[in-house]
Amino acid sequence: DKGNHRHFMEKEIYEQPEIISHALGHYIDFASHTVKSTDKAIDFSKLSGLAISACGTAYLAGLVGKYWFERYARLPVEIDVASEFRYRELPLSPTQAALFISQSGETADTLASLRYCKDEGLKIGAIVNVKESTIARESDAIFPILAGPEIGVASTKAFTCQLAVLASLSIAAGRARGTVSEADEKAMVKHLAEMPRIMSKVLNEIQPQIEALSRDLSRFKDVLYLGRGTSYPLAMEGALKLKEISYIHAEGYAAGELKHGPIALIDENMPVIVIAPHDRFFEKTVSNMQEVAARGGKIIFITDEKGAAASKLETMATITLPNVDEIIAPMIFSLPIQLLAYHTAVFMGTDVDQPRNLAKSVTVE
Ligand code: F6R
């Protein structure tokens, strides 16, 4: 049931605040502001490293997770798309653990990667939506994302719930390894607890601006997304979402890679969407944005209040989100990205919930 929404995708975008709040309840204690101990089959305290694999949007969630596990838990992460991971002959050791992220829990390549790691003697964790799935069944530890059924083929709420679970697990891993203090844990968990309320506010505030902007965006054939740090996987997620439902060609790039190739494409016919919260990478990303502006590129700037105040560059549009802590920024910045793809596709008149050639669950290689 779509309720009063035009598409399941729209409904699933708007239910994120409530669903994430519910999902977080499984991983954090709202009263004491601590992470709860979840499935103990994986002991993060003793690991030498983590391998992560998944496909598509789930892979991009894992890529954000890599930044978190490395920064907060000082745990080196090997990550690759499952279709490459399974054939890489990556040397692994039982002192590592492996995490597989899958909404459906049935993706063939992800399952094959899981079995490879199992044969190598690693403990296996599954970050899944469907708890009865094959991937969940074959894992030692299950970390449910609790997103409820996702009907729209383009993943939205599963992505932000995967991020919420990864954020919680990286804090838990940091506590277990002594790299996150009790005070840091409290502070980060407080930010996570505030996130649902901020998500609701953002969804309501940015909708009219994004809808108007989407009308302009739907006239272009190519779009480039740029980001740095955890905003880099978000740039790729933004591009993936736009191409799969609007069929507009889009690429997501690490902002620092701009001058190593894609800058050759910059002209007034290819908008550049820059995702840049005012974090420790902000100045660097703005200098990449300057390179775009200097070549007549059109910029759509997705930033926060501090970032909007700090940049004087002329843009096609600036989407200003509230200033938020960096642990929740990827989830908050997912919202404009999802809405932009959604409204652009609606303007183009595509089949938003059932895009051509795509399947919700990919059980063949
Ligand atoms: C994109 C999308 C796909 C899936 C991918 C993995 O919006 O939905 O890229 O993320 O096919 O699917 P799961 O998570 O079921 O393994």
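Laboratory data are not the source of any read-out in this text; all were calculated from the coordinates shown. What you are looking at is a predicted structure, and each value in this text was computed from that prediction instead of being measured. Using ideal geometry, Cβ is built from the backbone for each residue, glycine included, and neighbour counts are taken over all protein chains shown.
Rounded to 0.05, the FRET efficiency of the D140 and S287 pair, given R0 = 45 Å and the Cβ-Cβ distance, is 0.50.
Rounded to the nearest whole angstrom, the semi-axes of the ellipsoid equivalent to the chain, taken from the Cα gyration tensor as √(5λ), stand at 31, 22, 21, largest first. Against the compact-protein benchmark of 2.2 N^0.38 Å, the Cα-based radius of gyration of the stretch 183-267 scales to 1.38. Between H260 and S48, full extension at 0.36 nm per residue minus the direct alpha carbon distance yields a gain of 73.0 nm. Each peptide in 4-10, 176-182, 189-195 was scored by the mean count of other Cβ atoms within 10 Å over its residues; highest first, the order is 189-195, 4-10, 176-182. Distance between the pseudo-spin-label points of T95 and E132 (7 Å out from Cα toward the beta carbon): 4.1 nm. Legend: residue pairs K243/K360; K284/K306; K36/K190; K131/K241, Cα-Cα distance threshold 23 Å; pairs beyond threshold, K131/K241. Relative to its Kirkwood radius, the Cα radius of gyration of the stretch 279-345 gives an Rg/Rh of 0.97.
Counting beta carbons within 10 Å around each of M270, M199 and listing the fewest first gives the order M270, M199.
Take the Cα of K186, go 7 Å toward its beta carbon, and the backbone nitrogen atoms of the stretch 3-33 under 17 Å from that spot belong to 29-33. Of all aspartates and glutamates in the structure, the ones whose alpha carbon falls short of 16 Å from that of K312, not counting any fewer than 8 places away in one chain, are E283, E291, D304.
So, with +1 on the Cβ of K and R and -1 on the Cβ of D and E, and no other charges, what is the size of the charge dipole of the stretch 271-365 about its Cα centre, to the nearest 20 debye?
260
Tally Lys and Arg at +1 and Asp and Glu at -1 over the other residues with C-beta under 10 Å from the C-beta of P144: what net charge comes out?
Value of the local net charge: 0.
Using the average count of surrounding beta-carbon atoms within 10 Å as a protection proxy, the listed peptides 256-262, 218-224 rank, highest first, as 218-224, 256-262. Counted by Cβ distance under 11 Å from I266, the other residues give a net charge of -1, where Lys and Arg count +1 and Asp and Glu count -1. Rounded, prolate or oblate: which fits the stretch 207-341, taking a ≥ b ≥ c as square roots of the Cα gyration tensor eigenvalues, rounded meaning a/c under 1.5, else prolate when a/b beats b/c? Here the stretch 207-341 falls in the rounded category. Report D for the stretch 313-361 in µm² per second (integer): Stokes-Einstein, Kirkwood Rh on Cα pairs, 37 °C, 0.692 mPa s. In µm²/s, the coefficient rounds to 245.
Projected label points at A212 and N269, each 7 Å from Cα along the beta carbon direction, are separated by 2.8 nanometres.
Based on the Cβ-Cβ distance of R177 and R88, what FRET efficiency does E = 1/(1 + (r/R0)^6) give at R0 = 22 Å, to the nearest 0.05?
0.25
Dipole orientation for the stretch 164-317: of the candidates P196, M316, G178, G178 has the Cα lying most toward the positive pole (charges on Cβ; Lys, Arg +1; Asp, Glu -1). A simple spin-label model places pseudo-atoms 7 Å from Cα toward Cβ; at H26 and R6 they are separated by 3.2 nm. Sorted on the mean count of surrounding Cβ atoms within 10 Å across their residues, most packed first, peptides 57-66, 126-135, 40-49 read 57-66, 126-135, 40-49.
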